Amino acid sequence: MPVTSSRGRTKSSRPLQLKRSLSLKAKAERLIPSCSQTFSKGPSQLVQGASPVFLARGQGSHVWDVDGNEYIDFPMALGPIILGYNYPAVTEAVIRQIREGTTFSLPHPLEVEVAELLAACIPCAEMVRFGKNGSDATAGAVRLARAYTGRDLIACCGYHGWQDWYIGTTSRSRGVPKAVRELTTPFAYNNIESLRRIFHEHPGQVAAVIMEPVGLEEPRDGFLQQVRALTQREGALCIFDEVITGFRMALGGAQEYFGVLPDLACFGKAMANGYPLSAVVGRREIMSLFDEVFFSFTFGGDTVALAAAAATITEMRRKPVIEHLWRLGRVLKDGCNALAKAFGLRDRAGCEGFPPRTVLQFRDDTGAESLVLRSLFQQECVERGLLFSYGGHNICYSHSEQDIERTLEVYRAAFQVMAKAIAAGDVAARLRGAPVQPVFRRA
């Protein structure tokens, strides 16, 4: 077992002891398809047999697996943990609310309180409806847009969840009827002509353009402003999917950061620091149609998640959370890219995106994505007490300067291993298990 300090500073890169994790995986394989409720959290996203499969607890920016191994965590549950695991203000608010009740036969005042907080933070938010995850919010916004415009077609850019209307455009489209798949057409980010072409080929038929306003690539040449102007000219709604960018890039998301106002927006993830809550927000004229559009479920007013959101947003308004994410994220991004350059690997690895959320990407000698390089790098990091699974860094308020310093120490060691493996031509041979598999496969 790796030797760790009280804060999990792994001193060696000996293989982890994972007996309980692997035992639970064997049971899960009999009971749970893919061994996980979320593809991106499943065992296929790390080197199998050499990485943990189950986590038991978290505190601040650290997590512990079921075998007691400690890690600095960067996925942060795929983004929801914005303040930190077991963050006192949120945990206390949740415990208080659990004692008073979790769901009721009539609405609870927290629904109004959190709606007011969202309206105060998010530029386009005049009215609010709650869901439980990002897919609820995006599907609700799309249905609302179709009802409002009387049109059927959707243009999309980015990832928008598991519902039929979107997932039918991906390689995970099994079970989605062809008729449904034909109602959504993707366009390319930073390519306004690809969106204009959709409107040209389907005049008067596009209900909405839904897009992640920014991912790893920065918008160029006023791209977001061009999208907004095009939707207004064509009579379609503009929907920003801010499930990732909301309460991370800025409190009000990318729309606040870039100063572009959509008609509707979808929020989730960081909004409640790990508790299941999402929201559709937008202009009153459009949102009021939810009086007729069916968007209704038993746990939409779950008071535990609403209490967590109230505490999270209040804490983020009082403290320099966003500033912290940008500052530490920038140190990590710059340090990572400097290390890749120092080892002569800048053409093979790069940390990309805006500082609050970056992704370390790996490329083969042709420039294509390299899952085998990513697998080797992640394997070396996990064995040194660092968890970042798909390569993403979701900085949270509990990440410390010491965490970032230690992370860069681990990255130095991992880059060294990677450089030697590339030089020797034995990258795959150094893996101690099956490599990472893609969630979405190329056609």
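The values are calculated or read from the model by the stated rules, or taken from the named source; none is laboratory data. Note that the structure is a prediction, hence the values are computed from the model and not measured. Glycine also receives a Cβ, built like all others from the backbone with ideal geometry; neighbour counts cover every protein chain displayed.
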Listed residues 312, 303; which is within 16 Å of residue 114 (Cα to Cα) and more than 23 Å from the chain's Cα centre (by Cα)? 303
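Working carefully through the options 349, 338, 368, find the one that is small (Gly, Ala, Ser), in the same structural domain as residue 419 (by TED's automatic domain parsing), in contact (Cβ under 8 Å) with a residue 60 or more places away in the chain and more than 23 Å from residue 80 (Cβ to Cβ).
Details: 338 fails: in contact (Cβ under 8 Å) with a residue 60 or more places away in the chain; 368 fails: in contact (Cβ under 8 Å) with a residue 60 or more places away in the chain.
One residue alone meets the criteria, 349.
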Looking at (1) part of a helix (DSSP H, G or I); (2) crowded, with 21+ Cβ neighbours inside 10 Å; (3) within 19 Å of the chain's Cα centre (by Cα), which is the only condition residue 377 fails? (3)
Identify, from the list 151, 174, 197, 181, the residue that is surrounded by 14 or more Cβ atoms within 10 Å (Cβ to Cβ), of a type in the set (D, E, K, R) and either in contact with an Asp or Glu (Cβ under 9 Å, 6 or more places away or on another chain) or at pLDDT below 95 (or both). 181
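Which members of segment 154-169 meet the condition of being surrounded by fewer than 21 Cβ atoms within 10 Å (Cβ to Cβ) and within 21 Å of residue 195 (Cβ to Cβ)?
Step one: list which residues in segment 154-169 are surrounded by fewer than 21 Cβ atoms within 10 Å (Cβ to Cβ), which gives 158-159, 161-164, 168-169.
Hits for segment 154-169 are 158, 159, 161, 168, 169.
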Here the residues within segment 395-426 that are of a type in the set (S, T, N, Q) and under 22 Å from residue 355 (Cα atoms) are 398, 400, 402, 407
Would you confirm whether any residue within segment 355-371 is surrounded by 23 or more Cβ atoms within 10 Å (Cβ to Cβ), in a loop (DSSP other than H, G, I, E, B) and within 25 Å of the chain's Cα centre (by Cα)? yes
The residue that is surrounded by the most Cβ atoms within 10 Å (Cβ to Cβ), considering only those in segment 95-148 that are outside any helix (DSSP H, G or I) and of a type in the set (Ser, Thr, Tyr), is 102
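Please determine, by comparing only the residues of segment 397-443 that are assigned to a loop (DSSP other than H, G, I, E, B), among the polar types (S, T, N, Q) and at pLDDT 95 or above, which one is nearest to residue 316 (Cα to Cα).
Filtering first and then ranking leaves 398.
Would you say residue 333 is surrounded by fewer than 17 Cβ atoms within 10 Å (Cβ to Cβ), assigned by TED's automatic domain parsing to the domain that holds residue 358, of a type outside the set (A, V, I, L, M) and in a helix (DSSP H, G or I)?
No: the conditions fail for residue 333.
With the condition being surrounded by fewer than 20 Cβ atoms within 10 Å (Cβ to Cβ), assigned by TED's automatic domain parsing to the domain that holds residue 151 and at pLDDT 95 or above, I'd like the helices (runs of 4 or more DSSP H) fully within segment 202-312 carrying at least 3 qualifying residues. Talk me through it step by step, then tell me what you get.
On the way: elements: 223-234, 253-258, 284-287.
In segment 202-312, the matching helices (runs of 4 or more DSSP H) lie at 223-234.
Can residue 246 be described as farther than 21 Å from residue 119 by Cβ and touching a helix residue (DSSP H, G or I) at 6+ places or on another chain (Cβ under 8 Å)? Spell out how you get there, then give the answer.
Values: farther than 21 Å from residue 119 by Cβ: no; touching a helix residue (DSSP H, G or I) at 6+ places or on another chain (Cβ under 8 Å): yes.
Criteria not met by residue 246.
Hey, can you tell me all the residues within segment 168-187 that are small (Gly, Ala, Ser) and in contact with a Phe, Trp or Tyr (Cβ under 9 Å, 6 or more places away or on another chain)? Before you say what the answer is, go through the steps one by one.
If we filter segment 168-187 for residues that are small (Gly, Ala, Ser), which is where we start, we get 168, 171, 173, 175, 179.
171, the sole residue that qualifies.
What number of residues within segment 358-402 satisfy the criterion of being among the hydrophobic types (A, V, I, L, M, F, W, C) and farther than 25 Å from residue 18 by Cβ?
Narrowing segment 358-402 to residues among the hydrophobic types (A, V, I, L, M, F, W, C): 359-360, 362, 368, 371-373, 376-377, 381-382, 386-388, 395-396.
Subset that is farther than 25 Å from residue 18 by Cβ: 359, 368, 395-396.
Residues in segment 358-402 being among the hydrophobic types (A, V, I, L, M, F, W, C) and farther than 25 Å from residue 18 by Cβ: 4 in total.
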Could you say which residue among 323, 285, 256, 292 is under 30 Å from residue 96 (Cα atoms) and either touching a residue at least 12 places away in the same chain (Cβ under 8 Å) or among the charged types (D, E, K, R) (or both)? 323
All positions within segment 4-49 that are modelled with pLDDT under 80 and farther than 20 Å from residue 430 by Cβ: 4, 5, 6, 7, 8, 9, 11
